[in-house]
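Just below is one structure, and these are the notes that go with it.
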Amino acid sequence: MLNFLALYNYWVVIVLMMAGLYIMIARHNLVKKLIGLSIFQTSIFYLYISMGKVSGGTAPILIGKISHEKEKAGSATSAAAEQITTVVYSNPLPHVLILTAIVVGVATTAVGLALIVRINEEYGSIEEDDIRAMEQRDPV
Amino acid sequence: MNFFDQVPALQIAVPLIGAPVCVLLRNGRAAWAVTQFCSVICTLLSCMLVAATRDGTVIRYELGSWSAPSGIEYYVDIVNASVLLVVSFISAIVCLYAYRGAEKEIQQDKHYLFYTGWLLCITGLLGIVITGDAFNAFVFLEISSLATYLLISLGPDRNSLTAAFRYLIMGSIGASFILIGVGFLFAATGSLNMADISARIPIADSPRTVLVAFSFLTVGLMIKAAIFPLHAWLANAYHYAPVTVTALLSGTATKVSLYLLLRFFFNVFGIQFSFGQMLLNYVLLPAAIAGFVLMSVVALYQSDLRRMLAYSSVAQIGYIVAGICLVSPLGISAGIVHIINHALIKSALFMATGCIVYRLGHAHIQSLGGMAKQMPITTAAFIASGLSLIGVPLTAGFISKFNLIAAMLEQGWWIGAALILASSLMATLYIGRVVEIMIFRKPRTSTGTLEVNEAPMQMLIPLWLLIALSIVFGIFGNETLSIASAGAERLLTGPLAPALVPESAYLSTGAGQ
Amino acid sequence: MMRKYQRQRHRVLQIVTKLLTPFVLLFALYVQFHGDYGPGGGFQAGVIFAAAFIIHGLIFGVDKTRLVLSPGVIRVLMAFGVLLYALTGVAGMLLGGNFLDYNVLAPSALSGQHWGIFAVELGVGITVTSVMISLFYSFASSRR
């Protein structure tokens, strides 16, 4: 049971992901579909971020100082350098990746919303049922 | 600076620089010239890469000189060099065609945006193929997808908007699944570099992380490559997009996803895992066979030429996947040959359809009567590329189908071979139906004649260039076959490279710690 | 009468916006140019910079914002940012390194890295700013 709860971050991911997928499948309003897509993508961001977490780790920011002259001379075994190696920090790579994925997600949402605006101009509706009915009446 | 060393980066940098230049020029013609120029340059560059990798050489290019597992690397071998060539060549030819082809379909003031989208799409597609980094592949996938949504939505009637939106939802789900898969791979191996992952992936005891990564990647790539049960987005997108865009996409977008599928399952996960443990061929082969049989039947009942060709595309993707699933040198090389040949054939067919749409304004099959008299060159082009699609000897389609059937028989899959023949027969029927109407049916107009002229030369020349090439590949098939079998060999060797950095050099990842 | 009332109702918001905008812009520039040594960078700075214009558009109306920053300028900036990014990469190639290799941009690798990341982040910042503002323009101006 405790093991079950210890992995709560994955439960959050699963719940969000399924909620997003369900909204995309079950809702007929195009904006709601897009919201579902955003929730779905957000769950992936959580997945990545929680993956990079090292328990007890801090932000991966340099503590202490490195002097470049020392590094060049190859004598970087000072106390400061030692301190750096002992700091536990979270893996920054997933965070960087997810920054990119967030930007991609924003771009997708923007394109989707722009399409919805255009659809609304052309069809006068953003309900999928209405649009489908109109499409079937179209000659093409 | 040694020029050749920089070729892999230039392959991406040229269209990437071309795209903002198009925006700055704000002129349709100038943007077309830039696009054409970039596509031709890309084609030349990928020719150089193919020539350099034919003997099995691997080119590894470190972006920003950051060494491989931490930095992004471009990894070029014969498999992706040939796909790069296909993508950039199709782009160059279709761009030549777009000079006249796009002018009626797309509003004049949007032309420069259209070509910007085109170049971004090509950047993304080339990037997916050339990169050796799993996450970088996802980013390029999204670049190309976003550009594709834009290009599809530029279609002449309002249905193109809904088609683009549905593709956006499906495509984003597919790309997100790929993202999840890459994430789990990262969790399992601590690396994003494909070669590095392939060297350190713990497949022996198949931990659940790897299994989950594998399943998400399978589904995501199946959506993106439009493999049979997950192909729903393709028909609408190909039907309602501007025909020029469809000609571009049918030759490139799905092919690139198929390449990614090959790369992941053969090299990153390894054949042992994908096909030995996970039995991927038991999932994909039935899907592929059902795909090419059912979709050929569906294509028979379409009333619009573009929609018919779209369903036929799904069927052809089925052939490619079927070849890949045999996991034999002959089968995989048949798959790769068909990736190349189908790109040529289907782009040519869509370009011929584009010529018809250019003059008629639509492509209803029933109203194509009298076409042979009014547009003889276009009709001849349609027939020539149709024959290639069916797989008549002396055409490119024959080479790939012959090899596919030979590979099936080699494995003793009599039923599969028979079904390929049956679906070829159906291809004969659906192409034949259109040709019959074009040649023998009287036009359905009040005056009794279709009042249209032949399509402009600027559209016919690129179209016939493609057809000539597909006939050349049909007669001298050994050239493409040798490239494909070299590719198959690369894919069958398994991991891409030995582990680059010892285990201890990695940060440990995983939430359980 | 009604119009005057509405204008007065927004008075507080307008004054606060006028007061805040310079600081928002300044903060964006700080995030941008401090990005190579501390947390920050082009993405964040670009969004903050665009936020200043977006809030201006929300309070004073999009038409007024358009006078400050016309869509044509935005379009040029959008392309310019991407070009700056790509050309920094090409510059690395021309100077004998790989694509996006910053080490060769200056005599020493350290200052080369500094210049490289500066140019690239500036490109990113400009593009993000202009994309955000143009998104706002296109959604705000479509009336239905």
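When only residues in the stretch A:93-116 that are among the small types (Gly, Ala, Ser) and more than 8 Å from chain B (Cβ to nearest Cβ) count, which is surrounded by the fewest Cβ atoms within 10 Å (Cβ to Cβ)?
Of everything passing the filter in the stretch A:93-116, A:Ala110 is surrounded by the fewest Cβ atoms within 10 Å (Cβ to Cβ).
Might you check whether a residue that is more than 9 Å from every other protein chain (Cβ to nearest Cβ), under 30 Å from B:Arg166 (Cα atoms) and either at pLDDT 90 or above or not in a loop (DSSP other than H, G, I, E, B) (or both) occurs anywhere in the stretch A:47-67?
Yes, there is a match, as at least one residue in the stretch A:47-67 is more than 9 Å from every other protein chain (Cβ to nearest Cβ), under 30 Å from B:Arg166 (Cα atoms) and either at pLDDT 90 or above or not in a loop (DSSP other than H, G, I, E, B) (or both).
Every residue in the stretch A:117-133 that is touching a helix residue (DSSP H, G or I) at 6+ places or on another chain (Cβ under 8 Å) and at the interface with another protein chain (Cβ under 7 Å from one of its Cβ atoms), please.
A:Val117, A:Arg118, A:Ile119, A:Glu122, A:Tyr123, A:Ile131, listed by residue number.
Which number in (1) at pLDDT below 90; (2) surrounded by 24 or more Cβ atoms within 10 Å (Cβ to Cβ) marks the one condition that B:Phe273 misses?
(2)
In the stretch B:1-52, what residues are in a helix (DSSP H, G or I), under 22 Å from C:Asp101 (Cβ atoms) and of a type outside the set (A, V, I, L, M)?
Once the filter is applied, which keeps residues that are in a helix (DSSP H, G or I), under 22 Å from C:Asp101 (Cβ atoms) and of a type outside the set (A, V, I, L, M), the stretch B:1-52 yields B:Phe4, B:Asp5, B:Gln6, B:Pro8, B:Gln11, B:Pro15, B:Gly18, B:Pro20, B:Cys42.
Answer yes if at least one residue in the stretch C:43-61 is surrounded by fewer than 21 Cβ atoms within 10 Å (Cβ to Cβ), under 29 Å from C:Gln14 (Cα atoms) and at the interface with chain B (Cβ under 10 Å from one of its Cβ atoms), and no otherwise.
Among the residues of the stretch C:43-61, not one is surrounded by fewer than 21 Cβ atoms within 10 Å (Cβ to Cβ), under 29 Å from C:Gln14 (Cα atoms) and at the interface with chain B (Cβ under 10 Å from one of its Cβ atoms), which makes the answer no.
Among the residues of the stretch B:185-223, which ones are under 13 Å from B:Ala134 (Cβ atoms), at pLDDT 85 or above and aliphatic (A, V, I, L, M)?
Answer for the stretch B:185-223, where residues must be under 13 Å from B:Ala134 (Cβ atoms), at pLDDT 85 or above and aliphatic (A, V, I, L, M): B:Leu185, B:Ala187, B:Ala188, B:Leu192, B:Met194, B:Ala195, B:Ile197, B:Ala213, B:Leu217, B:Leu221.
Residues of the stretch A:1-29 being surrounded by fewer than 14 Cβ atoms within 10 Å (Cβ to Cβ) and of a type in the set (Phe, Trp, Tyr), which ones?
The answer is A:Phe4, A:Tyr8, A:Trp11, A:Tyr22.
Within the stretch C:74-86, how many residues turn out to be of a type in the set (A, V, I, L, M) and facing chain B (nearest Cβ under 7 Å)?
6
Do we find that B:Gly391 is small (Gly, Ala, Ser), surrounded by fewer than 22 Cβ atoms within 10 Å (Cβ to Cβ) and at positive phi in this structure? Even if it seems obvious, please write down each step before you answer.
On the way: small (Gly, Ala, Ser): yes; surrounded by fewer than 22 Cβ atoms within 10 Å (Cβ to Cβ): no; at positive phi: yes.
No: the conditions fail for B:Gly391.
Could you check how many residues of the stretch C:87-138 are more than 21 Å from C:Phe33 (Cβ to Cβ), surrounded by fewer than 16 Cβ atoms within 10 Å (Cβ to Cβ), away from chain B (no Cβ under 11 Å) and at pLDDT 85 or above?
Looking only at that region, the number is 1.
Quick one: is C:Val128 β-branched (Val, Ile, Thr) and over 10 Å from the mean Cα position of the chain (by Cα)? Walk me through it before giving the result.
Values: β-branched (Val, Ile, Thr): yes; over 10 Å from the mean Cα position of the chain (by Cα): no.
So C:Val128 fails the test.
Do we have B:Val83 as modelled with pLDDT of 90 or more and either in a helix (DSSP H, G or I) or out of contact with any Gly (no Cβ under 9 Å at 6 or more places or on another chain) (or both) here?
Answer is yes for this residue.
Select from the stretch B:167-209 the residues that are away from chain A (no Cβ under 11 Å) and part of a loop (DSSP other than H, G, I, E, B) and write down the one among them that is surrounded by the most Cβ atoms within 10 Å (Cβ to Cβ).
So the residue we want is B:Ile201.
The values are calculated or read from the model by the stated rules, or taken from the named source; none is laboratory data. On a predicted model such as this, the values are computed, not experimentally measured, just so you know. Using ideal geometry, Cβ is built from the backbone for each residue, glycine included, and neighbour counts are taken over all protein chains shown.
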